[in-house]
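**Student:** Below you'll find the structure I mean.
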Amino acid sequence: MASQLLSGFRMLDLADDKGALCGKIFADMGADVIKVEPRDGCPTRRIPPFLDDRPDSDRSLYAIAYHAGKRSVTLDLALADGRALLEDLVRKSDFLVESFPVGYLDAAGLGYARLAALNPRIVHTSITPFGDQGPGRNYKAADIVTWAAGGAMFLMGDEGRPPLEMSLPQAGLHAGAEAAVASLLAHYPREIEGVGQHVVIDMQACIVWTLMNEQAMPILHGDYIRRTGVHYTATGTRRKLVYSCKDGYISTVLAGGSGVGATSMKGLVEWMAAKGFAAQWMVEKDWRTWVPGILMLATERDNEEIADLEERVQRFFDTMTKREIYAEAIARRILLAPVATAADIADDEQLKARNYFVRVDHDTLGRTLTLPGAFAKFSATPVGPARRAPRLGEHNEEVYGELLGIDGARLARLRAIGAI
Amino acid sequence: MTRRYALEGVHVLDFSWVGVGPITTKYLADNGADLIRVESLARPDILRLAPPWKDAKPGIDTSQFFASYNTSKRSITLDLGKPRARELVLRLLPWADIVAESFTPKALRKWELDYEHLRAHKPDLIMLSTCMQGQTGPNALYPGFGQLMAALSGFYHIAGYASDEPPCPPYGAYTDFIAPRFAACALLAALDYRRRTGRGQYIDMSQYEAALHNLAPALVDYFASGRVAGPAGNRSERYAPHGAYRCADVDDQERWIALAVASDGEWRALLEVLRDPSADPRFATMAARLENRALLDRFVAALVRERDADALAAALQAAGVAAYPVQNCVDIHRDDNLEAFGFWHWLDHKAMGPSPYEGLSYRLERTPGELRSPAPALGQHNDEVFGGLLGLDAAEIARLKEEQIIF
């Protein structure tokens, strides 16, 4: 059943892979989200990989995942009749999110001023790769390009080798989620005052917001961070974050400090000592004050200890599997996680205990698919995908007929001229 | 009457700390919500103790890491372990529309400040609890940071050159920058639900569960087909070429360009810009380029190696090809597009002086948010909150400070 959280509100979703997650979040929260697609389908339907590796507009895993819970209509914005249909939809909607090139909707006579004239309540959210003001406002975007422009790419990879993107592109997801937040920020005063507004998202800036404490390093500490593979280098020392084990990798933070850090180091060293892997200095160490290269600069002595510690920890972990290490780490309150694969995540006890994954009937594909569930647990209004992603134009009759009141004859005419 | 900020009149009592909680509530504070952070010297926000610091010198009020996530907020101090502090929280509670917290689950229960206790005093309260793995389940008490969460939720595994090499993780606590956007949506939608129905509610956010939404296609695929997504370098099935290619060094610093070619027309445009007339048939069509990817990468790498990354990116964009220099953290501070969006701000912090803050990556045209004030010093607003809002007199405030309740 659809969530009650945003029930009664409608969003028109004209975003591609720069913003598909925006409408997905709204749909999860119970809004009526209508994907408005060109006649050949939203480009997201062509993003590989495909279910069973069979390219088809209903089988893009990206579209299956990020259009779940939405409805789909088609219309052609190049035709006056298509534009008129969008105008009619805007009159009946609360939100519109799009990621067209800057100026495209204005040129089509469908910019914010026109939409607001049709419906002063509309919240119109535009997702732009590089903002709408600067020299790059008309630049083309691909996920890897905004990832690079926002500073995240430079920090990923090995020294001397090319900087990296995530193998599942992330920039558009950050921009889409940001668009959802900003649309809801505009929603609050709109419901009080009855007036919507135009909202602009800067995707490059969304990526800058993933850089954690790095942005100010050059200004305050005099230098910028280079990519260093599996290491963390924020305070001038290389701290290893990833260790191999029998069947893959685990990640841990070897640092003490008050509270959880010291508990973690003490737990790890006791475990290693019991198995004969700890050095005497490690057993005797007061870990409460030992945080070199994480929260403070490291001395030469610290660096010697770091090298010895990291080597011993590596030898220790090489004797066990991810699952064995993670289970014992939880019991001993060690700050550690497996470098999990999709298979590990699918099998995770915590997610199972919380009934995280949901099964969604894809009758059109003759099967049931499993999707990530609620992004948070709401006590009064549970959220999550209520139904499968729509087929292209699946709701043309429903939306144009029932919502807009267009009769069968006119629908047939609109189809015939290619407006739908 | 027209409002200046979107969330004027919304009140937030914020016990959250470190990354996800404060980044979430910053969306509210920068848009006009009155937000009071409850902190304590007894358990300071660890970001107050983390770099970068003003002049690279550690201090409880001089961390830009903390400052970046805490603009537009007020700070009071209360040692929640003390019963008298709890009483003061309960006196502040009627003022609050929203309470946020991000401790491991048992902390607030121990202090009897969890949702069940608070809603007995304020039935329509909206409360957000965000922690690593959620309030329930066998791993609810899992301690940790977003760095570990990024490994646990699959991001380390899909980051790297190839599956037979170690991962090359994203920088920092990656999931700390996914979960807040979901959490902010949750709070804003819950506010609207309360407006419509009068009902508050409790929101239990597992940062793990929120972050997995950024990997959804790979998870759907695994459940459906058993295929496990792995690291693929910059390899794409959609664009060719697609990657980062080294350009000419500038001032002995490496420079790279990121580019992605989506069509054969764009490929011809790229060759035109690079003035290469060879028209190699192995690269003529998208299918051929995807097929000959390794060769293509070497070909493009050789063509751009002596070019200036900035000039080349501008030329490629002028020709309709998606490209941008791979920017480091010096570059982003002098980026014309971020500048034009009004992204960077220097705010005059009480203890740090003028300091560099990230601005907003969104703009509300009618009710724009802004960094309304720099981050607060620890307990900076004790007197105005305990005196002004709660009406305690100066002598009582002094006594509470002396007894280290306001602490």
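**Student:** Which of the residues that make up the range A:138-187 are among the hydroxyl-bearing types (Ser, Thr, Tyr) and surrounded by fewer than 24 Cβ atoms within 10 Å (Cβ to Cβ)?
**Tutor:** A:Ser167
**Student:** Related question: Just the residues that are crowded, with 20+ Cβ neighbours inside 10 Å and facing chain B (nearest Cβ under 8 Å), please, taken from the range A:222-241.
**Tutor:** Of everything in the range A:222-241, those that are crowded, with 20+ Cβ neighbours inside 10 Å and facing chain B (nearest Cβ under 8 Å) turn out to be A:Tyr224, A:Ile225, A:Arg227, A:Gly229, A:Val230, A:Tyr232, A:Ala234, A:Thr235, A:Leu241.
**Student:** Got a sec? Which helices (runs of 4 or more DSSP H) wholly within the range A:54-142 have at least 2 residues that are in contact with a strand residue (DSSP E or B) (Cβ under 6 Å, 6 or more places away or on another chain), over 27 Å from A:Ala412 (Cβ atoms) and in the same structural domain as A:Cys42 (by TED's automatic domain parsing)?
**Tutor:** A:112-118
**Student:** Against the definition (buried (at least 17 other Cβ atoms within 10 Å of the Cβ) and under 15 Å from A:Met1 (Cβ atoms)), how does A:Val399 come out, yes or no?
**Tutor:** No.
**Student:** Checking A:Leu85 against (1) crowded, with 23+ Cβ neighbours inside 10 Å; (2) away from chain B (no Cβ under 14 Å); (3) under 18 Å from A:Pro390 (Cα atoms), which test does it fail?
**Tutor:** With (1) crowded, with 23+ Cβ neighbours inside 10 Å; (2) away from chain B (no Cβ under 14 Å); (3) under 18 Å from A:Pro390 (Cα atoms) applied to A:Leu85, the lone miss is (3).
**Student:** May I pose another question? State whether one or more residues within the range B:63-71 are over 20 Å from the mean Cα position of the chain (by Cα), modelled with pLDDT of 95 or more, of a type in the set (S, T, N, Q) and assigned by TED's automatic domain parsing to the domain that holds B:Leu389.
**Tutor:** No, every residue in the range B:63-71 fails to be over 20 Å from the mean Cα position of the chain (by Cα), modelled with pLDDT of 95 or more, of a type in the set (S, T, N, Q) and assigned by TED's automatic domain parsing to the domain that holds B:Leu389.
**Student:** Just one of A:Pro189, A:Pro218, A:Pro163 is modelled with pLDDT under 95 and either closer than 29 Å to A:Gly293 by Cβ or in a helix (DSSP H, G or I) (or both); which is it?
**Tutor:** A:Pro218
**Student:** Identify the single condition in (1) assigned by TED's automatic domain parsing to the domain that holds B:Val261; (2) in contact with a Phe, Trp or Tyr (Cβ under 7 Å, 6 or more places away or on another chain); (3) among the hydroxyl-bearing types (Ser, Thr, Tyr) that B:Thr285 does not satisfy, given that it satisfies every other one.
**Tutor:** Exception for B:Thr285: condition (2).
**Student:** Now a separate question. Specify which of the listed residues (B:Tyr239, B:Tyr193, B:Tyr171, B:Tyr202) is within 7 Å of another protein chain (Cβ to nearest Cβ) and surrounded by fewer than 23 Cβ atoms within 10 Å (Cβ to Cβ).
**Tutor:** Of B:Tyr239, B:Tyr193, B:Tyr171, B:Tyr202, the one residue that is within 7 Å of another protein chain (Cβ to nearest Cβ) and surrounded by fewer than 23 Cβ atoms within 10 Å (Cβ to Cβ) is B:Tyr202.
**Student:** Shifting gears a bit: Just checking, how many residues over the range A:148-160 are at the interface with chain B (Cβ under 7 Å from one of its Cβ atoms) and either out of contact with any Cys (no Cβ under 9 Å at 6 or more places or on another chain) or free of Cβ contacts under 8 Å to residues at least 60 places away in the same chain (or both)?
**Tutor:** Final tally of qualifying residues: 4.
**Student:** Consider the range A:180-232. How many of its residues are free of Cβ contacts under 8 Å to residues at least 60 places away in the same chain and of a type in the set (Ser, Thr, Tyr)?
**Tutor:** Count: 2.
**Student:** OK, next. If you go through the range A:310-331, how many residues are crowded, with 16+ Cβ neighbours inside 10 Å and not in a helix (DSSP H, G or I)?
**Tutor:** 1
Residue by residue, here is whether (1) surrounded by 21 or more Cβ atoms within 10 Å (Cβ to Cβ); (2) more than 24 Å from the chain's Cα centre (by Cα) holds:
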position	(1), (2)
B:Pro83	no, yes
B:Arg86	no, yes
B:Arg91	no, yes
B:Glu101	yes, no
B:Leu118	yes, yes
B:Lys122	no, yes
B:Leu128	yes, no
B:Met132	yes, no
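**Student:** Another question, if that's okay. If you check B:Arg119, B:Arg91, which single one turns out to be assigned to a helix (DSSP H, G or I), among the basic types (Lys, Arg) and more than 10 Å from every other protein chain (Cβ to nearest Cβ)?
**Tutor:** Checking each option against the conditions leaves just B:Arg91.
**Student:** Any idea which residue in the range A:288-309 is farthest from A:Val242 (Cα to Cα), counting only those that are within 14 Å of another protein chain (Cβ to nearest Cβ), surrounded by fewer than 17 Cβ atoms within 10 Å (Cβ to Cβ) and modelled with pLDDT under 90?
**Tutor:** Among residues in the range A:288-309 that are within 14 Å of another protein chain (Cβ to nearest Cβ), surrounded by fewer than 17 Cβ atoms within 10 Å (Cβ to Cβ) and modelled with pLDDT under 90, the one farthest from A:Val242 (Cα to Cα) is A:Thr289.
**Student:** Can you tell me which residue in the range B:175-227 is farthest from B:Val20 (Cα to Cα), limited to those that are in the same structural domain as B:Ile126 (by TED's automatic domain parsing) and among the aromatic types (Phe, Trp, Tyr)?
**Tutor:** B:Tyr193
**Student:** Report, ordered by the first and then the second residue, all pairs with beta carbons closer than 6 Å, sequence separation of six or more or different chains, a first member in the range A:1-13 that is over 23 Å from A:Asp361 (Cβ atoms) and more than 13 Å from chain B (Cβ to nearest Cβ), and a second member that is of a type in the set (Asp, Glu) and surrounded by 20 or more Cβ atoms within 10 Å (Cβ to Cβ).
**Tutor:** A:Arg10/A:Asp32; A:Arg10/A:Asp94
**Student:** Taking the conditions exactly as written (in contact with a Ser or Thr (Cβ under 6 Å, 6 or more places away or on another chain) and away from every other protein chain (no Cβ under 14 Å)), does A:Lys285 satisfy them or not?
**Tutor:** So A:Lys285 does not fit the description; no.
**Student:** On to the next question. When you scan the range B:34-46, how many residues do you find that are within 19 Å of the chain's Cα centre (by Cα) and buried (at least 22 other Cβ atoms within 10 Å of the Cβ)?
**Tutor:** 3
Yes/no per residue for (1) touching a Pro at 6+ places or on another chain (Cβ under 6 Å); (2) closer than 21 Å to B:Ser361 by Cα; (3) facing another protein chain (nearest Cβ under 7 Å):
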| site | (1), (2), (3) |
| --- | --- |
| A:Asn119 | no, no, no |
| A:Val145 | no, yes, yes |
| A:Leu168 | no, no, yes |
| A:Ala179 | no, yes, no |
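**Student:** Here is a follow-up. I need the full set of residues from the range B:273-329 which are within 14 Å of another protein chain (Cβ to nearest Cβ), among the charged types (D, E, K, R) and exposed (fewer than 13 other Cβ atoms within 10 Å of the Cβ), in order please.
**Tutor:** B:Arg298, B:Arg305
The values are calculated or read from the model by the stated rules, or taken from the named source; none is laboratory data. In this text, all values refer to a predicted model and were calculated from it rather than measured experimentally. Note that each Cβ is placed from the backbone with ideal geometry, even for glycine, and that neighbours are counted across all protein chains shown.
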